[in-house]
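Please read the structure below before turning to the comments.
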Amino acid sequence: MKFDIERCGYCGACISVCPTGSLELTENRIIIENKTCDDCGRCSIICPLGAFFVEVEKNLSKL
Amino acid sequence: MKYDVIVVGGRIGGSVSSLFASKNDVDVLMIEKNPEIGVPLQCAEATSELTFKTLGIQPSKRYICSKIYGVEVHSPDGTHFKMQPSGDEMGYILDRKVFDKSLAVESAKAGTDIMIWTTVKDLIIKNGKVKGVVAKHLDETMEIKADMVIAADGVGSNISRMAGINTLYGVKDVGSCVQYKMVGIDADPNYMQLYFGREVAPGGYAWIFPNEDGVTNVGIGIRDSNETAYHYLNKFISNFNGMPFEMNVGGVPLSGPVEKTYTDGLIVVGDAAGHVDPLTGGGIHLATSCAKIAGEVAAEAIKNEDTSAEFLKRYEEEWKNKIGSIIKNSLKYRKVLDKLNDKELNALARFLKGRDLDSITSTSLLGLVKESPSLVRHLKNVL
Ligand SMILES: Cc1cc2nc3c(=O)[nH]c(=O)nc-3n(C[C@H](O)[C@H](O)[C@H](O)COP(=O)(O)OP(=O)(O)OC[C@H]3O[C@@H](n4cnc5c(N)ncnc54)[C@H](O)[C@@H]3O)c2cc1C
Ligand code: SF4
Ligand code: SF4
């Protein structure tokens, strides 16, 4: 999952739907743990500002 | 450092629970990660007199922006009608940056210690029981022991997850919200405007709430959409000639409370516990009610020297007693509303226009059956 920090409003909504616990809001920054993130895309559905982008190549390679 | 109770989060859930724990003579520490309580704003600030009745205080002019008599509902085809609440409770639009701070001040006056600009990073857990927190302020990391912790850290509560409580939501269960404070929008100063429709706000609604001095809060909450809430809000405001000067974002849990709101040495309250009305997305009053119970039960637990899950269970029993049926009913209505398409929403708006809810009779419903049989089928369970 790619993340555009410029678009983030630091609300934490994405954390509530991340099943792998890969997101953390610290000192007003969202941090993604890419090692555990499985690119499920749930955070990108919830984010009010569209700060997440699915990494298309990574996802295709999983199919 | 050692306290009886540590409260994580310093907004409504945190300040109200710490206030009622401190009032009952226990040592309380409240920790808030932001440098200023109530900031950033993540709320459209509407509540009712019930919040103040629960708190046992008179609402103060310092944080009341406007008095609200009811809502005006707009359907997709522009049909609109006004509704007043069935009780005689006054509604209010608050200034939450001031309101939240005033609650924290009340709590401090009752004896609560407050740490601002400090983040709880971890829980201290011994033999399966929460025994305190690990908190970080700038470069300093500290262990603070306590007999119990109240998690009031908002939606998706990390703190409850650390204690083994499942706070994970489905994507359809969280409202994705964004709002502007705006000038230049002509709004009735005593009514909240709500706009429904798939094109306006899929799975939710858009709102215009009057603040003071010609300022309005214009926002939107949506669910499970390909486009962002930001996209829909900008589309919505293009219908009006207003100027935004502040923007806020947030997520609202809309599927009711998390499965369990207590464990050994910890209780969870407010948005963290899913104490939000699933129909309206309103959490101020429910968080206040549950946080009051949380503070009182925490104080009882300390006095009884028993902060086990067995003892803290009474917290869940008490809040379910108080607000469980509100959440259940709202969830039922929300599920019906989810099923309605724009045509059915328009038919419902035309039916409700000019009627008060108590005056609906079986004869008047027959007319609705003729106009939209599918709508009546959907409404069957709530009528
Ligand atoms: C856009 C929007 C509009 C809304 N409009 C309304 C409305 O009009 N009326 C209404 O009744 N409700 C509304 N709500 C819901 C309402 O805002 C919430 O229900 C209410 O604020 C819940 O309060 P809380 O104290 O439980 O949680 P929060 O307000 O989320 O507060 C949690 C606090 O915990 C702090 N925190 C989190 N993690 C940590 C940590 N690890 N360490 C220290 N501190 C931490 C946060 O900084 C925050 O201050 C709205 C919500 C949104 C998003
Ligand atoms: S893509 Fe899924 S796993 Fe990865 S951060 Fe987003 S919600 Fe979490
Ligand atoms: S939901 Fe979006 S805006 Fe909110 S914290 Fe996550 S990335 Fe940032």
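The table below gives the values:
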| read-out | value |
| --- | --- |
| Scope segment B:149-163; condition within 16 Å of ligand 2 (Cβ to nearest atom) and more than 17 Å from the chain's Cα centre (by Cα); matching residues | B:ASN158, B:ARG161 |
| Yes/no for B:VAL258 being closer than 24 Å to B:PHE52 by Cβ and within 17 Å of the chain's Cα centre (by Cα) | no |
| Flag for B:VAL71 being closer than 23 Å to B:LYS353 by Cα and either touching a His at 6+ places or on another chain (Cβ under 8 Å) or in contact (Cβ under 8 Å) with a residue 24 or more places away in the chain (or both) | yes |
| Hits in segment A:14-27 (condition: more than 8 Å from every other protein chain (Cβ to nearest Cβ) and farther than 18 Å from B:THR228 by Cβ) | A:THR20, A:SER22, A:LEU25 |
| Tally of residues being more than 23 Å from B:VAL26 (Cα to Cα), within 12 Å of chain A (Cβ to nearest Cβ) and polar (S, T, N, Q) across segment B:117-169 | 4 |
| Given (1) part of a loop (DSSP other than H, G, I, E, B); (2) among the charged types (D, E, K, R); (3) free of Cβ contacts under 8 Å to residues at least 12 places away in the same chain, number of the condition B:LYS53 does not satisfy | (1) |
| Matching helices (runs of 4 or more DSSP H) fully within segment B:266-383 where at least 1 residues are under 16 Å from B:VAL252 (Cβ atoms) | B:284-303, B:309-339 |
| Scan of segment B:184-232 for residues that are within 14 Å of another protein chain (Cβ to nearest Cβ), farther than 17 Å from B:GLY281 by Cα and surrounded by 19 or more Cβ atoms within 10 Å (Cβ to Cβ), ordered by number | B:THR228, B:TYR230, B:TYR232 |
| Any hit, segment B:149-166, residues being crowded, with 17+ Cβ neighbours inside 10 Å and of a type in the set (Lys, Arg) | yes |
| Count of segment A:1-13 residues which are more than 9 Å from ligand 3 (Cβ to nearest atom) and either within 9 Å of chain B (Cβ to nearest Cβ) or surrounded by 20 or more Cβ atoms within 10 Å (Cβ to Cβ) (or both) | 1 |
| Residue satisfying all of: in segment B:279-304; more than 16 Å from ligand 1 (Cβ to nearest atom) and in contact (Cβ under 8 Å) with a residue 60 or more places away in the chain; farthest from the other protein chains (Cβ to nearest Cβ) among these | B:LYS303 |
| Selection status of B:GLY111, more than 23 Å from B:GLY283 (Cα to Cα), part of a loop (DSSP other than H, G, I, E, B), in the same structural domain as B:ALA301 (by TED's automatic domain parsing) and small (Gly, Ala, Ser) | yes |
| Pairs where the first residue, in segment B:243-267, is within 10 Å of chain A (Cβ to nearest Cβ) and the second is within 16 Å of ligand 2 (Cβ to nearest atom) and part of a strand (DSSP E or B), C-beta under 8 Å, 6+ apart | B:GLY251/B:VAL174; B:GLY251/B:SER176; B:VAL252/B:VAL174; B:PRO253/B:VAL174 |
| Number of the condition not met by B:LEU352 [criteria: (1) surrounded by fewer than 14 Cβ atoms within 10 Å (Cβ to Cβ); (2) under 28 Å from the mean Cα position of the chain (by Cα); (3) of a type in the set (A, V, I, L, M, F, W, C)] | (1) |
| Verdict on B:GLU89 being touching a His at 6+ places or on another chain (Cβ under 9 Å) and either at pLDDT below 95 or part of a strand (DSSP E or B) (or both) | no |
| Every residue from segment B:135-161 that is under 27 Å from B:ILE293 (Cβ atoms) and assigned to a strand (DSSP E or B) | B:ALA135, B:ILE144, B:LYS145, B:ALA146, B:ASP147, B:MET148, B:VAL149, B:ILE150, B:ALA151 |
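Conditions (1) more than 14 Å from ligand 1 (Cβ to nearest atom); (2) hydrophobic (A, V, I, L, M, F, W, C); (3) in contact (Cβ under 8 Å) with a residue 60 or more places away in the chain; (4) over 21 Å from B:SER160 (Cα atoms), marked per residue:
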{"site": "A:LYS2", "(1), (2), (3), (4)": "yes, no, no, yes"}
{"site": "A:GLU6", "(1), (2), (3), (4)": "yes, no, no, yes"}
{"site": "A:ILE15", "(1), (2), (3), (4)": "no, yes, no, no"}
{"site": "A:CYS18", "(1), (2), (3), (4)": "yes, yes, no, no"}
{"site": "A:CYS40", "(1), (2), (3), (4)": "yes, yes, no, yes"}
{"site": "A:CYS43", "(1), (2), (3), (4)": "yes, yes, no, no"}
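The values are calculated or read from the model by the stated rules, or taken from the named source; none is laboratory data. Just so we're clear, the structure is a prediction, and the values are computed from it rather than from any experiment. Don't worry about glycine lacking a Cβ; one is built from the backbone with ideal geometry, like all the others, and counts go over all protein chains shown.
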